[in-house]
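We did not get these values from a lab; they are worked out from the coordinates using the rules stated. Since the structure is predicted, the reported quantities are computational estimates derived from the model, not experimental observations. Note: ideal-geometry Cβ built from the backbone for every residue, glycine included; neighbour counts use all protein chains shown.
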Amino acid sequence: MSQNINEQSKKLDAREDARKIAGQSIMIRMPGTSLDADTAAFLRDNHIRAVCLFRQNMVDAQQLSKFTADLRAVMGPDSLIGIDQEGGAVVRATWVPQPPAAMSLGASNDTALCREVGAAVARAVKSLGFNWNFAPVLDLNNNVDNPVISERSFGADPDKATALALAWMEGSLSEGVACCVKHFPGHGDTNVDSHRDLPTVAKSRAKLDALELSPFRQAAGNAPAMMSAHIIYPALDPDYPATMSKKILTGILRDEWNYQGVVITDGMDMHAIAGHYGVGKAAVIALAAGADMVMALGTRETQRETLDALTAAIEAGEIDQAGLEQRLARVARLAQQYPCAPVAYQTEAQDQALMVRAWSSGLTTYKNASAPAPGSKIRLVTSGNVVSDGVSEAGIPAEKVAAMLSRVYDVDTVTFEKMDDFDWSSLPDDGRLVILASTIRLRYSEQVRRTWKPDLHLVLWNPFQSLDIQAPALITYGFSGPALEAAAAWFAGELKAEGQLPVQSFQDMTA
């Protein structure tokens with residue numbers, strides 16, 4: 001009898017140990033804007049120490065600071081509280097000074113500026129209680145049809161883009177906020193968004209080494225963390241996407257490059273993984289492949305599914321104990337090196353001025369664009385409203401663009417809901433100059449390319465939309481307040497656009 005009790009006790013202990021390891025090996029999404037008792041119990045009971053917060057979790061600095069403080073109190077001193085505060089359209093805390101998109105910084109080609117911006121971003125998010133920022137992006141800008149990267153990349157040249165990105169990272173690390181470079185081995189050359197399906201990059205290892213892999217190899221010596229991509233690279237592993245590939249996560253990162261930082265997956269709720277493998281099974285394969293932490297976002301149901309699958313696999317010995325201990329130690333070291341210790345934000349005014357300067361430095365003209373004379377009669381054509389796509393924040397509404405232009409011009413505004421339903425020929429022929437303001441990331445359709453004929457194209461998001469519209473363009477790489485201020489100064493003749501597109505010529509990229 002006592003022997004059976006002892007055996008049952010050992011099994012319970014083993015299961016509890018496995019559950020603890022599983023909980024410490026995942027990062028989850030939070031519901032709501034405060035920590036309720038049920039969620040606090042879920043974190044505590046499952047030994048979870050890592051969460052990622054999104055825009056829907058945030059109201060203002062006071063609310064967010066309390067939320068992160070409550071999370072730290074529950075998760076303990078080794079808490080990891082993450083955020084996607086890249087810059088441009090991918091920011092979550094939208095009231096702090098808004099950093100330029102990576103491609104804007106690439107257009108400036110100024111490593112010192114990148115370092116300053118990275119440090120300023122870190123100061124802002126640290127004051128709110130974050131110690132881990134999922135930035136900078138190391139994907140290269142080598143596919144103009146990429147639906148999810150575009151302005152999030154520093155450029156097309158692997159050495160130049162890496163130098164800028166790592167300077168940004170140095171700035172962040174100097175302020176005590178860990179970075180996570182992404183999306184290893186590279187999401188730049190895809191025309192599929194891994195949030196929606198499973199992309200494939202069918203390049204040889206030699207070509208991958210020369211382009212996609214190069215930034216990550218250069219970052220491997222000092223990046224505290226890397227995020228894996230949900231993409232299949234047949235030359236590296238024909239069977240599994242990188243997130244689930246031992247050949248990639250262990251073979252290349254650990255064995256070839258001797259990478260010592262934390263490897264975390266991209267969100268396992270993304271369709272590239274959840275829709276093809278199932279979140280529980282995929283999490284087990286990812287951890288066994290070499291990931292240190294699985295980003296189990298999704299719902300409470302999918303989080304439990306992930307925890308249950310990992311617990312069962314750990315208890316069954318499907319992931320070797322020594323490897324698990326190494327993984328836990330790397331994650332603990334990250335939390336200890338970059339503790340979750342918020343400090344007062346005392347440089348907000350200076351950082352705001354920095355962001356204005358940084359956005360202005362990246363402002364770029366295309367096809368010799370010039371501003372209409374002040375006081376001109378302008379017709380603004382733009383989307384009425386742009387909702388969030390789940391990756392980026394919502395785009396700028398038409399009235400804000402109109403207000404900016406109205407500071408210089410007499411503006412008549414025409415909006416559309418769906419681009420393909422808008423008849424360009426319906427615009428009055430009354431002598432007004434037509435400015436098309438692009439406030440979406442999606443590239444324009446063939447019908448739009450063929451029929452829309454503005455006098456000037458104001459590109460407030462995806463710079464590659466300049467390829468779609470046969471008109472001179474002003475490219476801002478984003479639509480935040482400082483980006484609009486830079487554009488307004490250009491229209492008023494107070495600022496020259498001196499940025500240089502950090503890609504090959506558009507003609508070369510579409511060849």
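Ordered by the number of other Cβ atoms lying within 10 Å of each residue's own Cβ, fewest first, 179, 340 fall into the sequence 340, 179. Enter the angle in degrees (range 0 to 90, nearest 10) between the Cα long axis of helix 279-289 and the first principal axis of the Cα atoms of the chain, meaning the one along which they spread out most. For helix 279-289, the angle is close to 80 degrees.
Annotation: the residues 416, 184, sorted from fewest to most other C-beta atoms within 10 Å of their own C-beta, follow the order 416, 184.
Between residue 37 and residue 407, the C-beta separation translates, for a Förster distance of 51 Å, into a calculated FRET efficiency of about 0.55. As I understand it, the value is the acute angle between the Cα axis of helix 111-127 and the longest principal axis of the Cα atoms of the chain; what does it come to in degrees, rounded to 10? In the chain, helix 111-127 runs at an angle near 60 degrees to the longest axis. Between residue 341 and residue 419, what is the FRET efficiency for a Förster distance of 35 Å, r being their Cβ-Cβ separation, to the nearest 0.05? So the FRET efficiency works out to roughly 0.15. Once the GluC sites (Glu not before Pro) in DSSP loops with at most 15 neighbouring Cβ atoms within 10 Å are cut out of the chain, the longest remaining piece is 1-317. Of 441, 44, the sequence from fewest to most neighbouring Cβ atoms within 10 angstrom is 44, 441.
Cα axis of helix 321-337 to longest principal axis of the chain: angle in degrees, 0 to 90, nearest 10? The answer is roughly 50 degrees.
Would you compute, from DSSP H runs of 4+ residues alone, the mean residue ellipticity of the chain at 222 nm, taking -39500 (n - 2.57) per run and dividing by the full residue count, rounded to the nearest 500?
Numbers: 17 runs with 194 residues, N = 511.
Mean residue ellipticity at 222 nm (helix-derived): -11500 deg cm²/dmol.
Say R0 is 60 Å: what FRET efficiency, to the nearest 0.05, do residue 15 and residue 222 get from their beta-carbon distance? The partial results should precede the final answer.
Numbers: r = 39 Å, r/R0 = 0.64.
The calculated FRET efficiency here is 0.95.
So what's the gap between the Cα centers of segment 445-480 and segment 291-308, to the nearest angstrom? Measuring centre to centre over Cα atoms gives 40 Å. Need one word for the chain: rounded, prolate or oblate. Basis is the Cα gyration tensor (sqrt eigenvalues a ≥ b ≥ c); a/c below 1.5 gives rounded, then a/b vs b/c decides. It is prolate, given that a/c is not under 1.5 and a/b is the larger ratio.
Annotation for segment 355-396 versus segment 48-102: alpha-carbon center distance of 27 Å.
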